[in-house]
1. Determine if region 130-153 includes at least one residue that is under 21 Å from LEU18 (Cα atoms), in the same structural domain as ILE247 (by TED's automatic domain parsing) and touching a Pro at 6+ places or on another chain (Cβ under 9 Å).
2. Name the residue that is farthest from the chain's Cα centre (by Cα), counting only residues in region 48-65 that are within 10 Å of the ligand (Cβ to nearest atom) and surrounded by 11 or more Cβ atoms within 10 Å (Cβ to Cβ).
3. List every residue pair whose Cβ atoms lie under 6 Å apart, where the two residues are 6 or more positions apart in sequence or sit on different chains, the first residue falls within region 7-25 and is within 12 Å of ASP38 (Cα to Cα), and the second residue, located anywhere, is assigned to a loop (DSSP other than H, G, I, E, B) and within 9 Å of the ligand (Cβ to nearest atom).
4. Scan region 86-103 residue by residue and report those that are buried (at least 19 other Cβ atoms within 10 Å of the Cβ) and either among the acidic types (Asp, Glu) or near the ligand (Cβ under 10 Å from one of its atoms) (or both).
5. Return only the number of the condition from (1) surrounded by 13 or more Cβ atoms within 10 Å (Cβ to Cβ); (2) at pLDDT 95 or above; (3) within 16 Å of the ligand (Cβ to nearest atom) that SER133 does not satisfy.
6. Check off (1) farther than 19 Å from SER28 by Cα; (2) more than 15 Å from the ligand (Cβ to nearest atom); (3) in a helix (DSSP H, G or I) for LEU119 and give me the number that stays unchecked.
7. Of (1) open to solvent by less than 70 Å² (accessible area, probe 1.4 Å); (2) under 30 Å from TYR251 (Cα atoms); (3) not aromatic (Phe, Trp, Tyr), LEU83 satisfies all except one. Which?
Amino acid sequence: MSQPRYELYYHPGIPGRLEHVRLLLEASGTPYTEIARDQKDGYSTVQKICMGKAPESVDGNPPMFAPPALRVTNGGSGNGKSLMISQTPNILAYLGEKTGMDGGEEMKWWVQQVALTALDLNNEVHNSHHPVSIGAFYEQQREEALRNAKDVREMRFPKYFGYFERMLEWNKEARQGKYLVGKGLTYADTTVWQVLDGCFFAFPREMEVRRKEFPGMLGEFYEGVKSAKGLKEYLASERRLPYSMGIFRHYPELDRQ
Ligand SMILES: N[C@@H](CCC(=O)N[C@@H](CS)C(=O)NCC(=O)O)C(=O)O
């Protein structure tokens, strides 16, 4: 039986939400291609299928709301057609199960719970620079962004980081795990790691202070995941895109003053 083929649909130049999916695949050593980066005119295919008013459906799959999306061929559906799904946590749950990055039957709901929490923080950080309108420029909502980013840094960071830190302690106590859930690396770890890494880029001053407050999470855990098998090589490669004008943006005025 042939291996499933994983194709990712996303914007070509930013880590964005697809980075959570890339990290899962890279950490598990699973091959994939990116339509917008690996195919000539691939981005117009992404736009046709995932964006716009009337996105095209593929192989009878339902229409996509927005990128990222995953297309699986040879997935064992038995009907010879591909499966196409969107929504970051949905893609993570699907691939987590296929690659063993979901912690297995006993742990998978907790893995998903932690990843969903990290994605909530992901959204809050995005909204810190776009608190009024996703469609408008940052400069048009700068005043509100200053207020919102302060709230995210001062009120929300301690709540999220405290929870992740408690997860680490719980997992260490319950099963001597060095990651968040269970014995090995799961997509809970890669998803949390990506959000923390984005926060280090967006709010370097704030994160330097928080590192001292949450040394387990922002020190040991953060460094440990960074050097995990598969991720270390990926993070040093050209496949890892730099942050720019995506979810994580560095506006010095939004950082701790
Ligand atoms: N909740 C969705 C959000 C998807 C989303 O906002 N995608 C962005 C890029 S990160 C996009 O390209 N949106 C285009 C649009 O909304 O038209 C997910 O997690 O996948």
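1. No, every residue in region 130-153 fails to be under 21 Å from LEU18 (Cα atoms), in the same structural domain as ILE247 (by TED's automatic domain parsing) and touching a Pro at 6+ places or on another chain (Cβ under 9 Å).
2. PRO55
3. What qualifies is TYR9/PRO67; TYR10/PRO67; TYR10/PRO68.
4. Once the filter is applied, which keeps residues that are buried (at least 19 other Cβ atoms within 10 Å of the Cβ) and either among the acidic types (Asp, Glu) or near the ligand (Cβ under 10 Å from one of its atoms) (or both), region 86-103 yields SER86, THR88, ILE91, LEU92, ASP102.
5. Of everything listed in (1) surrounded by 13 or more Cβ atoms within 10 Å (Cβ to Cβ); (2) at pLDDT 95 or above; (3) within 16 Å of the ligand (Cβ to nearest atom), SER133 misses just condition (1).
6. Single failed check for LEU119: (2).
7. Answer for LEU83: the failing condition is (2).
The values are calculated or read from the model by the stated rules, or taken from the named source; none is laboratory data. Only a predicted model underlies this, so the values are computations on that prediction, with no experimental measurement involved. Neighbour counts run over all protein chains shown; Cβ positions are idealised from the backbone, glycine included. In case anyone asks, the SASA skips ligands and DNA or RNA and just uses the protein heavy atoms, side chains included. Shrake-Rupley method; radii C 1.70, N 1.55, O 1.52, S 1.80 Å.
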